[in-house]
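The values are calculated or read from the model by the stated rules, or taken from the named source; none is laboratory data. In this text the structure is predicted, and so the values were computed from the model without any measurement. Virtual Cβ from ideal backbone geometry, glycine too; neighbours counted across all protein chains shown.
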Amino acid sequence: MGWTRSSGILLHPTSLPGRFGIGELGDPAYRWIDFLAQSGQRLWQVLPLGPTGFADSPYACLSAFAGNPLLISLEKLVESGELSRSDLADAPDFPDRQVDYGAVIDFKMPLLYRAAANFASCASPERRAAYEQFCEGNAAWLQGFALFSALKEHFGRVIWHEWDADIALRHPRALDHWQRSLATQCQTVQVLQFFFAQQWHAVKRYANERGIQIVGDVPIFVAHDSADVWAHPDLFCIDERGRATFVSGVPPDYFSETGQRWGNPLYRWDRMAERGYAWWIARLNAVLALVDVVRIDHFRGFVAYWEIPAAEPTAFRGRWVPGPGAEIFEAIEGKMGRLPIIAEDLGVITPQVIELRERFGFPGMKILQFAFDTEALHASFGDYERNPFLPHNYTRDFVVYTGTHDNDTALGWFNRCAAGDRQKAISYLGCDAQAFHWALIRAAMASVADWAIIPFQDILGLGSEARMNQPGTVGDNWRWRCPPGALSDQVAAQLAEMTQLYER
């Protein structure tokens, strides 16, 4: 793939404006794409699109293959006949600057179930044929996810290894029993996945027709409480009762004295290899049916990953274990050809990680906030000879960001950073405090990196109140939404002028 010099914006669909409490794949999504085109952007980066589980995190999805039904546009379901206009008349007065997930789920899921029931009883022959084609094309994961979802509701949404033992451990007679007992619920899940897929593909076509590529995201690990682990227990480090034996994380560093214990069950890479990495190939096939380019989170885990015994409460007592390395990407390329992958190569990166990334032509990532964070740089690189995040040290094979979903906003970082770091940033960028976010955007746009992607919060000049996620915390993440009037002609014109100036 050629990485033509381009720029774009990072904005998860949940952050789009709209009247139903969460971003949807209806008119607000099309208006967003119009804004991208108006502002000269050619990239729209999103977070993982799967159905969220624990703490509403898109990085802890209930499936690596399914879509998030909360993104389904209710207005589009009215247009296609599954809902009536009166069904939407009693929508609550949702907050417009953050997602209240509990309130959204309480309001929206009953309407989605009603729409699925109406589809089952009244769908036109054309819609029904499209549904059947969707089910057939996605049978490898869809039926298992539908049963997993129906069972999860039946057992009170507890993690799957706490279900009745026979179905938790997938005994054939239990699978047959529950498939028959929950047939209606399974069909509902499949119809909602059909709604999501139809609406998302329409949005993607609209973007592609306007010269905009969508950049997706694949977390290297999957959630324990997912259809993937339940359906393929032999591919993960879990015991005979379904409990994890070894989990993921990162070791102690400057940011945490005990490291980070993410808790995802680790892969049995030996078994993945025996099967030609078929699960990973299927996963990438599925995500690349939804997006044009994919960012792989924690890419360094393919070279070596931090293995933590599941009984350990922190990441302190772990060890580095070799990953599959080049073998997995050779297998993937053998089946799929050269893929448009961005490697998230942040953190303590070894020469082997760089070698793997360069061998397969995957661009890495540069984060401009890190360029001026002295303590973090020393923690990651020691007495570095050249600051790898300063733009004058870049090469073309990178994607530069002002920050990511895990960072504070540009202004939030600027307002809380050490005085020396703040002065260093001002001196390097040649700006004053009021214009810092635009100066940081300009540095990204002017750099030689092939792609520059800016979180929309930074374009709007918002502070820490607009942060999307604070790693290591639970309860107030993934909620930010675009404020009313954010997609203004003035912002689009300012961004378009800078994009044209730096030939992106």
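Is one or more of the residues making up the stretch 163-184 within 25 Å of the chain's Cα centre (by Cα) and assigned to a helix (DSSP H, G or I)? Let's see the steps before the verdict.
Here is the first cut: in the stretch 163-184, the ones within 25 Å of the chain's Cα centre (by Cα) are none.
No, the stretch 163-184 contains no residue that is within 25 Å of the chain's Cα centre (by Cα) and assigned to a helix (DSSP H, G or I).
Summed over the stretch 54-95, the residues that are within 29 Å of GLY249 (Cβ to Cβ) and surrounded by fewer than 17 Cβ atoms within 10 Å (Cβ to Cβ) give a count of 2.
Among the residues of the stretch 203-229, which ones are over 15 Å from LEU62 (Cβ atoms) and part of a helix (DSSP H, G or I)? Passing the criteria: VAL203, LYS204, ARG205, TYR206, ALA207, ASN208, GLU209.
Within the bounds of the stretch 424-431, is there any residue that is within 27 Å of the chain's Cα centre (by Cα) and surrounded by fewer than 21 Cβ atoms within 10 Å (Cβ to Cβ)? Outline the logic, then answer.
Going through the stretch 424-431, the residues within 27 Å of the chain's Cα centre (by Cα) turn out to be none.
No, the stretch 424-431 contains no residue that is within 27 Å of the chain's Cα centre (by Cα) and surrounded by fewer than 21 Cβ atoms within 10 Å (Cβ to Cβ).
Within the stretch 461-476, the set of residues being crowded, with 19+ Cβ neighbours inside 10 Å and in a loop (DSSP other than H, G, I, E, B) comprises LEU462, ARG467, MET468, ASN469. Counting the residues of the stretch 61-120 that are closer than 18 Å to THR188 by Cα and part of a loop (DSSP other than H, G, I, E, B) gives 12. Going by what's in this entry, would ALA289 be described as closer than 28 Å to GLY259 by Cβ and not charged (D, E, K, R)? Answer is no for this residue. Counting the residues of the stretch 170-215 that are touching a Pro at 6+ places or on another chain (Cβ under 8 Å) and surrounded by fewer than 19 Cβ atoms within 10 Å (Cβ to Cβ) gives 1.
Out of curiosity, is ALA376 part of a helix (DSSP H, G or I) and modelled with pLDDT under 95? Break it down stepwise before answering.
Numbers: part of a helix (DSSP H, G or I): yes; modelled with pLDDT under 95: yes.
Judged against the criteria, ALA376 is a match.
Can you find a residue in the stretch 407-417 that is of a type in the set (Phe, Trp, Tyr), assigned to a helix (DSSP H, G or I) and in contact (Cβ under 8 Å) with a residue 12 or more places away in the chain?
To start, the set of residues in the stretch 407-417 that are of a type in the set (Phe, Trp, Tyr) comprises 413-414.
Cutting the leftovers down to assigned to a helix (DSSP H, G or I) gives us 413-414.
The next check asks that each one be in contact (Cβ under 8 Å) with a residue 12 or more places away in the chain; those that pass are 413-414.
Looking through the stretch 407-417, at least one residue is of a type in the set (Phe, Trp, Tyr), assigned to a helix (DSSP H, G or I) and in contact (Cβ under 8 Å) with a residue 12 or more places away in the chain.
Looking across TRP262, TRP200, one residue alone is in a strand (DSSP E or B), among the aromatic types (Phe, Trp, Tyr), closer than 30 Å to LEU10 by Cα and touching a residue at least 24 places away in the same chain (Cβ under 8 Å). It is TRP262.
Applying the condition of being touching a strand residue (DSSP E or B) at 6+ places or on another chain (Cβ under 9 Å) and farther than 12 Å from TRP160 by Cα to the stretch 223-243 and asking which residue is surrounded by the most Cβ atoms within 10 Å (Cβ to Cβ) yields PHE236. Scanning the stretch 230-259 for residues that are part of a strand (DSSP E or B) and within 21 Å of PRO322 (Cα to Cα) yields PHE236, ILE238, ALA244, PHE246, VAL247, SER248, GLY249, VAL250, ASP253.
Considering ARG42, ARG19, the condition of being of a type in the set (Lys, Arg) and within 21 Å of the chain's Cα centre (by Cα) is satisfied by ARG42 alone. Kindly evaluate GLU330 against the criterion of being out of contact with any Ser or Thr (no Cβ under 9 Å at 6 or more places or on another chain), assigned to a loop (DSSP other than H, G, I, E, B) and not aliphatic (A, V, I, L, M). So GLU330 does not fit the description; no. The sole residue among ALA486, ALA452, ALA444 that is touching a residue at least 12 places away in the same chain (Cβ under 8 Å), surrounded by fewer than 22 Cβ atoms within 10 Å (Cβ to Cβ) and among the small types (Gly, Ala, Ser) is ALA486. Of everything in the stretch 314-327 that is free of Cβ contacts under 8 Å to residues at least 40 places away in the same chain and in a loop (DSSP other than H, G, I, E, B), the residue that is farthest from VAL215 (Cα to Cα) is ARG317. When TYR401, TYR394 are checked against the criterion of being out of contact with any Ser or Thr (no Cβ under 9 Å at 6 or more places or on another chain) and modelled with pLDDT of 95 or more, a single residue qualifies: TYR401.
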